[in-house]
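Quick note: the coordinates plus some simple rules give every number you see, no bench work behind them. These numbers were taken from a predicted model, which means no experiment stands behind them. FYI the Cβ positions are ideal-geometry reconstructions off the backbone, even for glycines, and counts take in every protein chain you see.
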Amino acid sequence: MKKIILMMVVFSYLLLANDAILSIDTGGHTAMIKKNLIVSKSGDIISASADKSIRVWDSRSGKEKRKILGEIGAGSEGNIFAIALSSDERYLAVGGYFQNNEIRIYDYRSGKLLKLLKSHTNVVNDLAFSDDSKYLLSGSGDYSVKLWSMKDMSLIRTIDFHTNDVYGVKFAKNNTILSAGLDNRIAMHSFDGKLLKSYTHSEKLMYLAINDEEIAVCGYGHEILIFDMALNLKSKIQSETVPLTLAYSPNKRFLIAGVGNHPMNVNIYDVKNNHALLSSFDKHTNATQAVGWLDNQTAVSGGGDNNEIYIWDKESKEVKSKIVGLGQSVWSVGVNGESIAWGNVDDCSGKNCSKLQKSFNLKTLQLSNSASESNFKRINANGLMHSKGGDYGRDDAVLKIDSSGVAITKDSTTGYRHNCYGWYKDFIISGGGNGQLKIYDTRGVEVASLVGHTGMIWSIALDGDRLVSGSCDQTIKIWDLKPLSKGVKTLYPTVSLFVGSDNEWVMWSKEGFFNASKDGAKYIGYHINQGSDKEAEFLDIRRFQKHFYRPDLIAKALGGEDISSYAPNVETLLSQSGGGLPPLINILTSSRTINDDETTIGVKVCDNGGGMENLNFYIDDKPIRYLSQTRAFREKKEMVGGCIVLEQKLSIPYGKHIISFNATNKNGDIGSNTDKIKITNKKAQISKPNLHILTLSISDYKDNSLDLKYPNNDADKIAQKLQIIGKPIFSNIYNYALKDAQVTQSSILKTIEDISSKINSDDVFILYIAGHGVTSSKDGDYYFIPFDCKNGDDVNKYAINQAKFKEYIAQIKAVKSAIFIDTCQSGTMASKDLLDTSINRFGGNVGIAIIAGASSKQDAIDGYKEHGIFSYTVLDAMNNEKVYSFDDKLSINEIAEYTKYILPKLAKEQFNHEQKPTIYLNGDTTFAVGGVAK
């Protein structure tokens, strides 16, 4: 049976399928950092963590350069305990809690998985290369030490000396073999496996370090043992802390020791001064296991509550750099109906009592940087008391129920500890280690398990049937306990919430659907397993936006609805693409300053197994050039292996801009990475820009049952008003109007091509749409119904979807663009959550501002003052000079704010219900569409 020794926390993930696991990525580690390595040639830091990832950091900037990933699974499977880099920096060896106890050998430079070394029958705890990189040592929970040849990556021999787990291995002089284990022994063997000497200590031994003259070892005790090179004990370093891991400086003069208990000091000892304590670094707030040296003066330590890496001066202790993700342990939670609160500081010595710092409304999605204790409920723990006991002697392993004398004792399978606990009706809820959240009856019998957290659970709160929990896995989880009354034994969170220290947030369901703040989606993604013998990939959730961005479904889930029937399967998406991944892309052109209307951008697109399609160039997130795969191959500059190289001329407006490029797999299901550069154009526009207005309106449909009263009139009035208010700020105003039978996909495309031939990058483009729209509850997309679509037709086949609009918008060079949508909802009026979802998905796809209003069939018939009520509000904003800015100009922002404020009031007066607009603002929306004539 596999064994895990010492305290461990693992990352917060959701298993959706064997090969696709949804996990958080905070930009740093989310669980204990097990080891740091320094790459001598580059100065990069390699860190390995119990969050199942290896990350490579630039030690100067603190930025992550790349990840090195392998196959992971449920629970602890995939946890990394050991890494070693060969001295020639060719091979990276990785060991841990892997399915077949294998050692992974990666090509360090490329990150490709080269070989699996198989022989161990339990977890691999430590690895070490010989100085000449020819050999590798491994120590394991199967009590053995194994010696491997790197020439042919084969096993040379197994040393079966220890009688308990081996936690430390090292090569000494002449490739003699050192090992330390939980049997309290350190041993030295010759290269051919002969025992040369051993030493038995009073405490378990785990960590080894070696220089040219001595060997250091430590373990469970408060001391570090120092041996000579013949394994004769020379001295002992007494420590107030329990040392975790050891490392000598490159010049062998100093020894650094990690820390496992209070005081949380990482200590440095002066070897030449009888190992006197040189300095103690106290910035970490919890166990710190990963220590090393950047150079002889600079120490590196990784650990603490937030799994941070500090780079610091060994004598002054001055912090030179700090590497940390944007996540934090959640020490406290509170709940009150639709509002939850939490805190990220451990400022209370008791249970479940740290202060609340922030709050979040699950309905309005408003985040506040304050939380009043009196406004939130915790959990009632009256009559419950914890005490010391259990197999590991934890201070809180036993929970006593005073009224009955019953005691609940935690063990390794139930989380070791009662970190937080309280009553739910006649049941007891208790959170412990390793994500264990359990519910017991008053007899102490487990009745349910709440599965979702993977780290230590520090806090729980309860309001009615809603439970909120917080963990060191940096997530907050919200649970519905009502199924407990039906005898359900396993409960999963309704939603999980991650809030970064930058206040960006993301919320997701067990099905993988998510809602997020503007940049919050960057925090989650899919770890894609590709088999145990191949490196894994990480794709952030934005690559799957088309399928999983569903705020409406998150709202349904929080309302108690089952949303499982909507869920696509990531594995299916991958297999539909031929079993591969989206293409790998990069921009070949560097950031630059130009003084011209155009610049040429070179890109490379490499097939990664799933084909390629939908190649898109963007300026400030607005698509400005779209290429199909066929066109891309036709226009390619060259082929390099499985990659195509393209060059495209792009019109660049005056000023500073972000140019980006991406693509999708062949089915358009999964997006590639997005590469970006900065272009500054110093060529100012001499004349005023032009305004281009395109209106698409249908009052008279081919199917008379779809006819509407106001769209054509609204389109005319909007265009006329834009032409009037546009005169003071535009050189020329062009109006393109398509009505009724003209509003077909072919006619729209032809008109877009006409506009594209005339419009410049500094111009302004306004698209107004009025007619019937459909918001699909199945895929969350918005569809515009063209003239020739009949009632009952399949909208997926006949309507114009957001992908088609993106193709249209990509032909418009103007970055300053906006869309107004006034459509009547065909069929049943969609919910506000679904309408918001569809417009936000639409806006994210086309990359420009959208201001939209959706009315029911009856509201559309009744209208307001001979207009659709939304269009009337937009016209009112254009007519009202008080809405204009201080410089007498009217921007998209100002129209949006006016519509947001006025439309609900007008609708309430006219229809006795609110009609709120849906507004998606992207990029610069301060550009003017009109001005006051002077």
Between the range 26-89 and the range 583-641, the Cα center-to-center distance that results, in Å: 32
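What is the calculated FRET efficiency for residue 283 to residue 60, with r their C-beta to C-beta distance and R₀ = 25 Å, to the nearest 0.05?
About 0.80, to the nearest 0.05.
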Three principal axis lengths of the range 34-323 [C-alpha, angstrom, descending]: 46, 43, 35
Gain in span if fully extended, residue 678 to residue 409, counting 0.36 nm per residue against the direct Cα distance: 90.9 nm
Candidate aspartates and glutamates for bridging to residue 314, where Cα separation is under 15 Å - those fewer than 8 sequence places away on the same chain excluded: 270, 282, 295
Charge dipole magnitude, Cβ of K and R +1, D and E -1 - the chain, Cα centre, debye nearest 20: 920
Whole-number percent relative contact order across the range 34-323, with pairs defined as alpha carbons under 8 Å at least 6 apart: 9
Cβ charges +1 (Lys, Arg) and -1 (Asp, Glu), total dipole of the range 34-323, debye: 620
Spatially proximal lysines relative to residue 790 (Cα-Cα < 20 Å; intrachain offsets below 8 disregarded): 702, 709, 739, 804, 857
Relative packing of peptides 317-324, 81-88 - highest average C-beta neighbours within 10 Å first: 81-88, 317-324
Rounded tilt (10° steps) of 892-911 against the dominant C-alpha axis of the chain: 70
Largest-first ellipsoid semi-axes for the range 691-931, taking √(5λ) over the Cα gyration tensor eigenvalues, angstrom: 25, 22, 17
Lys/Arg +1, Asp/Glu -1 at C-beta; the range 514-668 dipole; positive extreme among 652, 633, 554: 652
The range 142-241 shape via C-alpha gyration tensor axes, a/c threshold 1.5: prolate
Per-q log10 I(q)/I(0), the range 693-766, q = 0.17, 0.22 Å⁻¹ (Debye; single scatterer per alpha-carbon; no solvent): -0.71, -1.02
Shape call, the chain: gyration tensor on alpha carbons, a/c limit 1.5: prolate
Nearest 10 degrees, 0 to 90: helix 711-726 Cα axis against the chain principal axis: 80
Furthest towards positive pole of dipole, 153, 205, 50, structure part the range 34-323, Cβ charges: 153
For the chain, with +1 on Lys and Arg beta carbons and -1 on Asp and Glu, the positive-most of 814, 399, 319 along the dipole: 319
Value of Rg/Rh across the range 584-681 [Cα atoms, Kirkwood radius]: 0.96
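Express in % the proportion of alpha carbon pairs of the range 269-323 at distances exceeding 20 Å. Intermediate results must be reported in sequence, preceding the final value.
Details: 313 of 1485 pairs.
Every Cα pair in the range 269-323 considered, those over 20 Å come to 21 percent.
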Cα centroid separation, the range 291-355 to the range 503-558 (Å): 25
Space enclosed by the convex hull of the alpha-carbon atoms of the range 332-505, per residue, Å³: 107
Listed pairs 63/518; 63/272; 678/750 exceeding 28 Å between Cα atoms: 63/272; 678/750
Proximal lysines to residue 115, defined as alpha-carbon separation beneath 17 angstrom and excluding residues fewer than eight positions away on the same chain: 134, 146, 151, 534
Electrostatic dipole magnitude of the range 157-300 [Cβ: Lys, Arg +1; Asp, Glu -1; Cα centre; debye, to 20]: 240
Mean Cβ neighbour count within 10 Å, used as a protection proxy, ranking 921-932, 761-772, 663-674 highest first: 761-772, 663-674, 921-932
Whole-Hz couplings from phi, Karplus 6.51/-1.76/1.60, listed for the range 44-50; x for Gly and Pro: 5, 10, 9, 10, 10, 9, 5
Projected area averaged over orientations for the range 291-371, convex hull of C-alpha atoms, nm²: 7.2
Cysteines in the chain that, by Cβ-Cβ distance, have no pairing candidate under 4.7 Å: 218, 420, 472, 789, 824
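For the chain, what does the helix formula give at 222 nm: sum of -39500 (n - 2.57) over DSSP H segments with n ≥ 4, over the residue count, nearest 500 deg cm²/dmol?
-4000 deg cm²/dmol
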Segments 41-53, 872-884 sorted - mean Cβ within 10 Å per residue, highest first: 41-53, 872-884
For the chain: relative contact order, % (alpha-carbon pairs under 8 angstrom, 6 or more apart): 7
The range 559-676: relative contact order as a whole-number percent, Cα under 8 Å and 6+ apart: 32
Tilt relative to the chain, helix 745-758 - C-alpha long axis, 0 to 90 degrees, to 10: 90
